[in-house]
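Colleague: Please find one structure pasted underneath; my questions will follow.
We did not get these values from a lab; they are worked out from the coordinates using the rules stated. In this text the structure is predicted, and so the values were computed from the model without any measurement. Note that each Cβ is placed from the backbone with ideal geometry, even for glycine, and that neighbours are counted across all protein chains shown.
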Amino acid sequence: MIPDYYEFCNSTKIVSGARAIEHIGYELAALGASRPLVLTNAQLLELKVATIVIDALADTDAEVAGVYDAVPVDSSAAVVDDVARAYREAGADAIVAVGGGSVLDTAKGAMIVLTHGGSLMEHRGAESLLGRRAVTFIAIPTTAGTGSEVTSAAVIKDTDRHVKMGFTSLSLLPDVAILDPRLTVGLPPRLTASTAMDALTHAVESVSCVQANPLSDCYAKAAIGLIRDYLPVALDDPRSSKARLALANAALMAGAAFSNAMVGIVHAMGHAAGGVAGIPHGEAMSVLLPHGMAYNLDVACDRYGELLIDLAGVETHAATPAADRGAAAIGAVRSITALLHERTGLPVTLGEMGVQPEQIPDIARAALDDGAMSMNPKQPSYEELIDILKGAL
Ligand SMILES: [Fe+2]
């Protein structure tokens, strides 16, 4: 069904392949840049993941203006300002961000500061984020989960107020995203599983959210099929280039889906649980996804039913009566999380991650205030949220 009105934008060029990084010189030149600042973290340098990119840059006409390797796991406005300072001091003309969501979002924050001046905090909620930016940006993800390489959003911590700030603008979309399996073959099994579940949650939530549209649906369904087919392969054979590239593509497609269609109650509860109890995002998604789907089932049954073919395959879809497919899709998600629990130790309850019963009211209150909740197909009461969270405990 075509909505009465919708918008979809993914302006990022995708470069995907077994040695895709080798194309970085061409991409920089095509964008008119020759002095990239490489943005990463010390661990990725130590593991010789970021060095794959730096070595590839050494074989190009570009000259690396500097390497900023101090992006923490949970980046902040102060780090963003420091990256902008390093960019200016190095005389750089592009950012090549190599890392997970934190590194990529830090690059987006730095672009805001470099384009509009001042410090990041001055641009909180500012309309000035609209319009073109002054920095060339190539995003190279080293996990297959956040999809930040094709999303228009950045999440940066306000360390003074202990809250996460969201910045959203189409001007934050990278110019180029490069997917190369050499950057993810070293991910340990549990991180492989949790990041894939984050991507799966982006895809599932995008389909049921109020801004879902035919194009975001295509990306979401393709992402789900890739995760179903290739996550088990990546767990069996972590160095499988084919499986890693498939999961990187799945995360990207799910990112393009939710950047346009948004995410809902699962992310609202996950953000809240992360803030209150400090639990990792991907693991929270894995635990909460079936619970959020069950809450939405009465209004999203048909939409979830469409996903059964991607989640469980053609035969299961064909053998399930149409009216039962939505519930069966939730069952298929539970089967995936049970498998990941068995294979990697990924938790299936909030309690396993240390969430205490007395924290549930705080998580429920924060989830109600989370921006993602407004995109969910139905709005829960505080009491309903308490019940959902207790069910996940
Ligand atoms: Fe997510």
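Colleague: Under a point-charge model restricted to the Cβ atoms of Lys and Arg (+1) and Asp and Glu (-1), what is the dipole moment magnitude of the chain relative to its Cα centre, in debye to the nearest 20?
Modeller: My answer is approximately 320 debye.
Colleague: In percent, how large is the relative contact order of the stretch 148-307, given Cα pairs closer than 8 Å and 6 or more residues apart?
Modeller: Worked out over the stretch 148-307, it gives 27 percent.
Colleague: Give me the one-decimal nm value for the distance between modelled label points at Arg365 and Glu7, 7 Å along each residue's Cα-to-Cβ direction.
Modeller: Between Arg365 and Glu7, the simple spin-label model gives 3.4 nm.
Colleague: Let me ask another. Cβ neighbours within 10 Å, averaged per peptide: list 21-33, 289-301, 171-183 in order, most packed at the top.
Modeller: Going by the mean number of other Cβ atoms within 10 Å, highest first, we get 171-183, 289-301, 21-33.
Colleague: With a sphere of radius 10 Å drawn around the Cβ of Tyr295, what net charge do the other residues whose Cβ falls strictly inside it have (Lys, Arg +1; Asp, Glu -1)?
Modeller: -2
Colleague: Could you give me D for the chain, from Stokes-Einstein at 4 °C and 1.567 mPa s, where the hydrodynamic radius is the Kirkwood radius over C-alpha pairs? Units µm² s⁻¹, please.
Modeller: The diffusion coefficient I find is 61 µm²/s.
Colleague: Below 8 Å, C-alpha to C-alpha, sequence gap of six or more: please give me the relative contact order for the chain in percent.
Modeller: Contact order relative to length: 15 percent.
Colleague: May I ask you to sort Phe258, Phe167, Phe137, Phe8 by Cβ crowding, counting other Cβ atoms within 10 Å and putting the fewest first?
Modeller: Ordered from fewest to most neighbouring Cβ atoms within 10 Å, Phe258, Phe167, Phe137, Phe8 come out as Phe8, Phe167, Phe137, Phe258.
Colleague: Per the Kirkwood definition applied to all pairs of different Cα atoms, how many angstroms is the hydrodynamic radius of the stretch 189-392?
Modeller: 16.6
Colleague: Hey, another quick one. Round to a whole angstrom and tell me the spacing of the C-alpha centers of the stretch 179-253 and the stretch 318-393.
Modeller: Spelled out, the Cα-based centre of one part sits 19 Å from the other.
Colleague: Rank by packing, highest mean first: peptides 370-376, 324-330, with packing defined as the count of other Cβ atoms within 10 Å averaged across residues.
Modeller: Per-residue Cβ counts within 10 Å, averaged per peptide and sorted highest first, yield 324-330, 370-376.
Colleague: Give me the distance in nm between label points sitting 7 Å out from Cα along the Cα-to-Cβ direction at Gln43 and Asp324, one decimal.
Modeller: The answer from the label model is 4.4 nm.
Colleague: Against the longest principal axis of the chain, how steep is helix 101-116, in degrees 0 to 90 to the nearest 10, with axes from Cα atoms?
Modeller: Here the helix axis deviates by roughly 50 degrees.
Colleague: Please report the antiparallel percentage of the DSSP beta bridges confined to the stretch 13-183, to the nearest 5.
Modeller: 25
Colleague: If you wrap a convex hull around the C-alpha atoms of the stretch 192-245 and split its volume per residue, what is the figure in Å³?
Modeller: 63
Colleague: Still on this structure: Under a crude label model (7 Å from the Cα following the beta-carbon direction), how far is Glu358 from Val210 in nanometres?
Modeller: Label-label distance for Glu358 and Val210, simple model: 3.7 nm.
Colleague: Turning to a different aspect of this structure: Once the other residues with Cβ under 15 Å from the Cβ of Tyr26 are scored (Lys, Arg +1; Asp, Glu -1), what is the net sum?
Modeller: My count for the surroundings of Tyr26 gives -4.
Colleague: Of Tyr87, Thr337, Gln379, whose Cα points farthest to the positive end of the dipole of the chain (charges on the beta-carbon: +1 Lys, Arg; -1 Asp, Glu; origin at the Cα centre)?
Modeller: Tyr87
Colleague: Please report the spacing between the Cα centers of the stretch 53-129 and the stretch 36-52 in Å, no decimals.
Modeller: Comparing the Cα centres of the stretch 53-129 and the stretch 36-52, I get a distance of 14 Å.
Colleague: What's the extension gain from Glu383 to Glu342 if we count 0.36 nm per residue and subtract their Cα-Cα distance?
Modeller: Difference between extended and current length: 11.5 nm.
Colleague: Figure the gain on full extension for Arg35 and Glu315 (residue separation times 0.36 nm, minus the Cα-Cα span) and round it to one decimal in nm.
Modeller: Additional length available on full extension: 95.5 nm.
Colleague: Report the net charge of residues surrounding Leu340, where surrounding means a beta-carbon distance below 14 angstrom and charges are Lys +1, Arg +1, Asp -1, Glu -1.
Modeller: -1
Colleague: Here's a follow-up. Semi-axes of the equivalent ellipsoid of the stretch 13-183: what are they in whole Å, largest first, if each equals the square root of 5 times a C-alpha gyration tensor eigenvalue?
Modeller: Equivalent-ellipsoid dimensions as semi-axes: 24, 17, 15 Å.
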